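> So that we are looking at the same thing, I have put the structure below in structure tokens.
The values are calculated or read from the model by the stated rules, or taken from the named source; none is laboratory data. Since this is a predicted model, take the numbers as computed values, not measurements. Every residue, glycine among them, receives a Cβ derived from its backbone with ideal geometry; neighbour counts consider all protein chains shown. Calculation scope for accessible area: heavy atoms of the full protein, side chains included, ligands and nucleic acids excluded. Shrake-Rupley method; radii C 1.70, N 1.55, O 1.52, S 1.80 Å.
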Amino acid sequence: MDKFRMIFQFLQSNQESFMNGICGIMALASAQMYSAFDFNCPCLPGYNAAYSVGILLAPPLVLFLLGLVMNNNVSMLAEEWKRPPGHRAKDPAVLRYMFCSMAQRALIAPVVWVAVTLLDGKCFLCAFCTAVPVATLGNSSRAPGLPAPELARVLARVPCPEIYDGDWLLAREVAVRYLRCISQALGWSFVLLTTLLAFVVRSVRPCFTQAAFLKSKYWSHYIDIERKLFDETCTEHAKAFAKVCIQQFFEAVNHDLELGHAHGALATATTPSAAHSPSEGAEEEREKLRGITDQGTMNRLLTSWHKCKPPLRLGQEEPLMGNGWAGGGPQLPRKEVVTYISKV
């Protein structure tokens, strides 16, 4: 169990490495999915192109959305984009940096799918079999005599060897080799272009805008850490609030039971020593709540955090206003209160 806890803590502390690993696994999974996928071209003039385009574009879109869904920063980006400005202005450069970071990782699996599809050639063969130049590769003397619908019907069956009946017009192996050669050329060109684009994005861009790049990177990390710390603080605050409420409930129940008990004198005599420690614990937990004593106050505080986040400024000595944030007004003198508790 300790090993799993250590692994989980490592993944939490190295979220970027973890997401890179997840994207790499998705890329390998996309290649394995295509190899296990049974590609069946319809071999019909009106459906070949639509089917091939769907196979080429639909799975990459699904993989891209899955890559975004599995990234924890998607909800953080949406919250930062839609939140009211309040006391903290929104920086579009930070939002762009966060989106680009997520999109780069999410695009790995779709790029692998498209590259594998083009290098395999089946999808390209099914889509463009009707565009094979018969006059150059086949029997040019018989091609002009066929009407266009009949010629398209014959060429649409090139991907299907079991039903192809146009060897008298064009040898099937010639058409397959011709289209697969073009598909593989496009596939390698696609891999080269994506590699060059990744190089430019990862290496060249920070060199020209290093200051803006560092600022965007810093504040994107700040937003992520602020959200995590806010969640942890909310958990601690809710735990303290629940503990005080539960202790007060049981103290009230014990008080009612003592009033209705037959030997009330004995119960009253033993009550102070028994209830002394729970009341002290309740007071200690109440101090952690920072003045939050009911549900409405807590809801207003959370609403204020969403609508008007505090400005990013340290050393703030201004008093808090009704909405929970610092306002410009006369400073109130600080009062230090010391409580002495004597235990007899």
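> Grab the beta carbon distance between residue 215 and residue 75, set R0 = 22 Å, and tell me the FRET efficiency rounded to 0.05.
Efficiency for this residue pair is about 0.45.
> Per residue, how much accessible area does the range 95-239 have with a 1.4 Å probe, in Å²?
Each residue of the range 95-239 exposes 59 Å² on average to a 1.4 Å probe.
> Two decimals, Cα atoms only, Kirkwood Rh: what is Rg/Rh over the range 102-225?
1.28
> Got a number for carbon plus sulfur as a percent of the range 138-203's accessible area, 1.4 Å probe?
Roughly 65 percent, rounded to a whole number.
> Here's another thing I want to ask about it. Using a basic spin-label model with each label point 7 Å from the Cα along Cα→Cβ, how many nm lie between residue 88 and residue 199?
Placing both labels 7 Å along Cα→Cβ, they lie 3.9 nm apart.
> Taking R0 as 56 Å, what's the FRET efficiency between residue 65 and residue 135 from their Cβ-Cβ distance, rounded to 0.05?
Working from the Cβ atoms, E equals 0.80.
> Then there is this: Mind ordering 191-198, 96-103, 153-160 by average Cβ neighbours within 10 Å, highest first?
153-160, 96-103, 191-198
> Right, next: Could you sort the peptides 25-32, 127-134 by per-residue average Cβ neighbour count (10 Å cutoff), highest mean leading?
127-134, 25-32
> What's the extension gain from residue 242 to residue 189 if we count 0.36 nm per residue and subtract their Cα-Cα distance?
Here the segment from residue 242 to residue 189 would lengthen by 13.0 nm.
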